[in-house]
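Taking it in order: structure first as C-alpha cells, then the write-up.
The values are calculated or read from the model by the stated rules, or taken from the named source; none is laboratory data. All of these numbers come straight from a predicted model, not from anything done at the bench. As a convention, Cβ positions derive from the backbone with ideal geometry for all residues, glycine included, and neighbour counts pool all protein chains shown.
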Amino acid sequence: MQTTLVIVKPDGVQRRLAGRILVRFEEKGLQIAGAKMMTIPLATAQKHYKPHEAKPFYPGLVKYMTSSPVLVVALRGKNAIAVVRKMMGATFGSKAEPGTIRGDFAISDGYNLIHGSDSEEAAAFELGLFFQPGEVQTYDMADTPWVYDTSSDLR
Ligand code: DAT
Ligand code: MG
C-alpha cells in the first residue's frame, strides 16, 4: 500500500472540477486518507516546487499555485503513486491522452488541474509538507474485501 499526495490546483477548484476529479480516484478503488482546502502559503509552494526552481516557468508556477484555494488530498491504495500519475495524464493538457484527467479537462501547459507525487520519496516529502501529523487517517474501508482479493497474496 502506498499513500500519495494529490492537489486539485486552483484552476480545478475554480472550474468546479474538484468533485469530478476526486470521484475518479474513488471509483478506481483508492481510499481518501486525508483532504483539506487551503490557500498554499508562498513558502510551501516554493518548497514543493524546489526541483523546478531554476526553470523559466517557476515564478509563474508558484504564483498560480498560491493564487486561489486548492484541494489537497492524500490517496492510499496499491501502487497509488503510479496509478494516480497514469490517471492524471501527461503534463501538458494538449498532449495528455483522452481518458486521463488532464486529457479530458485541460488544454493548457501550465493550468493542468492536478498535481500528483512522482515517486515514493516525493510522496513522503509532499505529504509531510501539506499535512500535519494526524491529518492523514488510517482506517478500514467496508468494501475492501471486494475491491481487493484479500483471499490471496496478490490482492
Ligand atoms: P507534472 O505536474 O506532470 O509532474 P512537472 O513536475 O514537470 O509536471 O512540472 C510541474 C508543473 O510545472 C506542471 O504541472 C506544469 C508546470 N510546467 C512544467 N513544465 C512547464 C512548461 N514548459 N511551461 C509551463 N509550465 C510548465
Ligand atoms: Mg512533477
Point to revise | The listed residue being within 16 Å of ligand 1 (Cβ to nearest atom), within 19 Å of the chain's Cα centre (by Cα) and within 20 Å of Gln2 (Cα to Cα), out of Ala122, Ala90, Ala96 | key: Ala122
Check your understanding: Has the range 52-67 got at least one residue that is at pLDDT 95 or above and more than 13 Å from ligand 1 (Cβ to nearest atom)?
Key -> yes
Point to revise | Filtered residue count, the range 73-87, keeping only those that are away from ligand 2 (no atom under 15 Å from the Cβ) and either part of a strand (DSSP E or B) or surrounded by fewer than 17 Cβ atoms within 10 Å (Cβ to Cβ) (or both) | key: 7
Check your understanding: Would the range 23-44 turn up any residue that is free of Cβ contacts under 8 Å to residues at least 60 places away in the same chain, within 16 Å of ligand 2 (Cβ to nearest atom), crowded, with 20+ Cβ neighbours inside 10 Å and within 30 Å of Arg155 (Cβ to Cβ)?
Key -> no
Point to revise | Qualifying positions in the range 52-77 - more than 20 Å from Ser119 (Cβ to Cβ), in contact (Cβ under 8 Å) with a residue 40 or more places away in the chain and not hydroxyl-bearing (Ser, Thr, Tyr) | key: Phe57, Gly60, Pro69, Val70, Leu71
Check your understanding: Since Thr66 meets every condition but one in (1) out of contact with any helix residue (DSSP H, G or I) (no Cβ under 7 Å at 6 or more places or on another chain); (2) surrounded by 14 or more Cβ atoms within 10 Å (Cβ to Cβ), which condition does it not meet?
Key -> (1)
